1. Exactly one of (1) more than 30 Å from Gln155 (Cβ to Cβ); (2) of a type outside the set (D, E, K, R); (3) part of a strand (DSSP E or B) is unmet by Ile77. Its number?
2. Quick one: which of Gly166, Gly148, Gly135, Gly127 is open to solvent by less than 80 Å² (accessible area, probe 1.4 Å), modelled with pLDDT of 95 or more and of a type outside the set (A, V, I, L, M, F, W, C)?
3. Tell me, which residue of the range 30-83 that is open to solvent by 90 Å² or more (accessible area, probe 1.4 Å) and either in contact with a helix residue (DSSP H, G or I) (Cβ under 6 Å, 6 or more places away or on another chain) or of a type in the set (Lys, Arg) (or both) is nearest to Val108 (Cα to Cα)?
4. May I ask you to list pairs of residues, at least six apart or on different chains, whose Cβ atoms are under 7 Å apart, with the first in the range 115-131 being among the basic types (Lys, Arg) and the second being open to solvent by 40 Å² or more (accessible area, probe 1.4 Å) and at pLDDT below 95?
5. Tell me yes or no: at least one residue of the range 88-103 is of a type outside the set (Ser, Thr, Tyr) and under 30 Å from Pro40 (Cα atoms).
6. Quick check: anything in the range 161-176 without any contact (Cβ under 8 Å) to a residue 12 or more places away in the chain and charged (D, E, K, R)?
7. Condition (residue is under 21 Å from Gly2 (Cβ atoms) and in a loop (DSSP other than H, G, I, E, B)) applied to the range 33-40: is it met by at least one residue?
8. Within the range 86-142, how many residues turn out to be aliphatic (A, V, I, L, M) and not in a strand (DSSP E or B)?
Amino acid sequence: AGEVTSAAMASEDFQITGLGLLPTSIPPGAEIRFGVRFQPRVEGVRSGRLSLGLLGLNTDFNLTGDAFQTRFGYELIQSSGVSEISPGNTINLGEVLPGELVTAQVLVKNINPITVPLPVIAAFGSGFAVSENPGVRNLRSGEVVSFGLNALTTQIGVQRGRLRVGDDAFDLLVTGSGAQLRFSYTTGNSGSVALSPNGSIFFPPTRIGAVE
């Protein structure tokens, strides 16, 4: 028979699970099972030490785990081309007339060495929406999914929003522009003269009673 008198963990990144009250006896031919959970708090190689009190002696076991931060790569596809974007960047969807819908495509790639869950994807702000949302699912290492990013302008001027892919966030921007009108005038044999709103139109000297 044996006896486990103590169990201790020298690390915040590792925890003992499923071990009952100590001390506990181990009958001949029997076994005792418990778990060690790796829950790292920071990136990098993490280490710990498990100490068990067995048969009146302390037995140590070294523990090692590699911790990484879940990361995704992003590309933005617009009519102007394809560009890489990073969390914290602003996605400018351009200028459109009020009431006009502008769309872009966002590619998300799992650049982690293992399969990780794709988090919730959502857009916030008036007029902004996500389409063809792939939903929460597991994404294999190197796998790519896409979704649409839509903006419907409601007024002239800048509209701002926010795109979130889990903890990754992007600022959104679209500009509603009015109809572009250009003014000009001609008098007599002169050529066309550009005219600005609130500008002045100049007539040449004209004889009284004549029409210019």
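1. Answer for Ile77: the failing condition is (1).
2. Residue meeting the stated conditions: Gly148.
3. Per the stated criteria, the residue is Arg71.
4. That search, which allows pairs on different chains as well, returns nothing.
5. Yes - at least one qualifying residue is present in the range 88-103.
6. No, the range 161-176 has no match at all.
7. For the range 33-40, residues under 21 Å from Gly2 (Cβ atoms) and in a loop (DSSP other than H, G, I, E, B): present.
8. Here the count works out to 5.
The values are calculated or read from the model by the stated rules, or taken from the named source; none is laboratory data. As the structure is a computational prediction, the values presented were derived from the model and not from experiment. Virtual Cβ from ideal backbone geometry, glycine too; neighbours counted across all protein chains shown. For accessibility, only protein heavy atoms count, side chains too; no ligands or nucleic acids. Shrake-Rupley method; radii C 1.70, N 1.55, O 1.52, S 1.80 Å.
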